[in-house]
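Comments concern the structure below.
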Amino acid sequence: RGALDGGEDGLDALRRLASDAPRVLASGGWLVLEVGAGQATDTARLLEAAGLRDVATVRDLAGIERVVKGRKS
């Protein structure tokens, strides 16, 4: 169920990953996430709120922002 139900906004799992990232990533380590269409902006905000740096999105071949990445300082 956890893999299929992302909560009301579809971001529950991404929220958990973002909040855990500073604790589990090595200094300079990257969190790279593939997200659903329309989720990139909200996911980038989650990574920034968690304290990750160099947060950016990458578009797929269809031009959709599909990957969000952030680095632990």
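Numbers below:
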| item | result |
| --- | --- |
| Residues that are exposed (fewer than 13 other Cβ atoms within 10 Å of the Cβ) and either modelled with pLDDT under 95 or not β-branched (Val, Ile, Thr) (or both), drawn from the range 30-57 | 34, 37, 38, 49, 53, 54 |
| Extreme residue, nearest to residue 73 (Cα to Cα), among residues of the range 13-62 that are out of contact with any helix residue (DSSP H, G or I) (no Cβ under 8 Å at 6 or more places or on another chain) and of a type in the set (Val, Ile, Thr) | 24 |
| Selection from the range 7-29 of residues that are surrounded by fewer than 10 Cβ atoms within 10 Å (Cβ to Cβ) and assigned to a loop (DSSP other than H, G, I, E, B) | 8, 26, 27, 28 |
| Residue tally, condition on the phi > 0 side of the Ramachandran plot and part of a helix (DSSP H, G or I), over the range 30-73 | 0 |
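The values are calculated or read from the model by the stated rules, or taken from the named source; none is laboratory data. Remember, predicted model here, so these are calculated numbers, not experimental data. With ideal geometry, Cβ positions are generated from the backbone for all residues, glycine too; neighbour counts draw on all protein chains shown.
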